[in-house]
Every structure is written in structure tokens, then in C-alpha cells.
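Heads up: the structure comes next, in C-alpha cells.
Derivation of every value follows stated rules applied to the coordinates shown; laboratory data play no part. Just so we're clear, the structure is a prediction, and the values are computed from it rather than from any experiment. Don't worry about glycine lacking a Cβ; one is built from the backbone with ideal geometry, like all the others, and counts go over all protein chains shown.
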Amino acid sequence: MLDYSEPVAKLIDEFKRLPGVGHKSAQRLAFHILRRPQEEVERFVDALHEVKEKIVFCSVCNNLTDINPCMYCASTTRDRSIICIVEEPYNLVAVEKTRSFKGLYHILHGSLSPIRGVGPDELMLANLMPRLMPNNNEGVETKEVIVATNPTTEGEATANYIARLLKPLGVRVTRIAMGMPVGSDLEFVDEVTMDKALANRHEI
């Protein structure tokens, strides 16, 4: 990157390492940082250091947290008989926004993808099986595991793998429904979404 001095070029390169950030976005971010006052930049740097120093994986559900176990696993009011499996911590936030799910969570931090070299060993599944035992769940028997992985090829493969893993244990394994988004028109829906909507129809 001969157009910029070395410190600027290094900063642009670091921003380019972030997911979804291309060359032009990295340049914009770098020059935004350069234009900010020194104290603002120091706050940004401090925030980066703090998140790396204080945030850990919850030993129970793998959520990102500054306390272990996390606030969901430590809660005395949540239904410990239901576990919802999601791919990423931000998926947990999406479920929580509904305010209708009161169970516990398990975060995989990814999904199965042979193309990207992600197999079962790369997912945070090892601590799921012990959680299903009452003696590891405050004496509560796990009645249902909801698989809420994304409706993608990788998400579906992950859901099927988890179902095969848990079915022999006699635990009820369910998959979140997929189909027509609320507020959309039929004419704009692709055939896969329409197929899922028809397959997941229910009586009214």
C-alpha cells in the first residue's frame, strides 16, 4: 500500500481483517480514526483492551460474559428444562428480544461447514451432553432442546447433526419453524421459503 505512510497502511490492513470490511471500508474507518480527537481514540483502544481482558466464555452455555456463569445460566427464574441452541451470541439476543422464551441457551460459536473446514470438533458441543443430566442442571431434567440454527445449508446440517446426537438420549429435539416472514408478499418469496412455509403450516 504505497499511497499511505506505513502507520496508516498498517491500520487499514488491520481493519481489513474484520469480517465484512473491504478495502474501501477499511480506508474510511482508518481516516475516521485519524480525524477523531486523541481522547476519543484512547477510549476506543481502552474498550478493545477491556473486552479482551474481561470477557470470557460462560462455562455452562458458552455465552460471552464478564461473569461466570453468565446471567442466563445463573438466573433462578428461567426454565431449566428447556435449552435453545443457537450459532452465535447475537442469535441469543434475537431470541431474547421476543420476550417469550424463558429457558436456557447453548451457543455453538459456528455451524458445520466442510468447505470452511468446520467439523463437529470445532463447534462448542462438548459441554452440551453433560448439561442434559439432572445432576448437572440443579436437579432439573431437560425435557426439550430447541435447535435454532440459521436456515442455511450449514445451519440445517448442524441441526440434523445435533438431532442425531440427542435423539438416542430420549430428549425431545425440536427445530424452529421456517417459512413466510411476517409482513411480506407471496410474489416476492423464493421457492425454498415457500416450500418451508407449506411444510410448517398449522391449523387455524
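It is to be established whether one or more residues within the stretch 164-171 are touching a Leu at 6+ places or on another chain (Cβ under 9 Å) and in contact (Cβ under 8 Å) with a residue 60 or more places away in the chain.
Our first condition is that a residue be touching a Leu at 6+ places or on another chain (Cβ under 9 Å); within the stretch 164-171, this holds for 165-166, 169, 171.
Keeping just the survivors that are in contact (Cβ under 8 Å) with a residue 60 or more places away in the chain gives none.
Scanning the stretch 164-171 turns up no residue that is touching a Leu at 6+ places or on another chain (Cβ under 9 Å) and in contact (Cβ under 8 Å) with a residue 60 or more places away in the chain.
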- [ ] Hey, can you tell me all the residues within the stretch 93-117 that are at negative phi and surrounded by fewer than 16 Cβ atoms within 10 Å (Cβ to Cβ)?
- [x] Val93, Ala94, Glu96, Lys97, Thr98, Ser100, Lys102, Pro114, Ile115, Arg116
TODO: Looking only at the stretch 144-200, count how many residues are within 24 Å of Leu128 (Cα to Cα) and not β-branched (Val, Ile, Thr).
DONE: 22
Task: Residues of the stretch 145-202 that turn out to be exposed (fewer than 14 other Cβ atoms within 10 Å of the Cβ) and part of a helix (DSSP H, G or I), as a count - done: 14
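Residue-wise test of (1) over 17 Å from Cys84 (Cα atoms); (2) in contact with a helix residue (DSSP H, G or I) (Cβ under 7 Å, 6 or more places away or on another chain); (3) not polar (S, T, N, Q).
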position: Lys143; (1), (2), (3): no, no, yes
position: Gly155; (1), (2), (3): no, no, yes
position: Asn160; (1), (2), (3): no, no, no
position: Leu165; (1), (2), (3): no, no, yes
position: Val173; (1), (2), (3): no, yes, yes
position: Gly183; (1), (2), (3): yes, no, yes
TODO: List the number of the failed condition for Phe101; all other conditions in (1) closer than 20 Å to Ala159 by Cα; (2) of a type in the set (Phe, Trp, Tyr); (3) not in a loop (DSSP other than H, G, I, E, B) hold.
DONE: (3)
Task: Filter result (of a type in the set (Lys, Arg) and exposed (fewer than 11 other Cβ atoms within 10 Å of the Cβ)) within the stretch 27-42 - done: Arg35
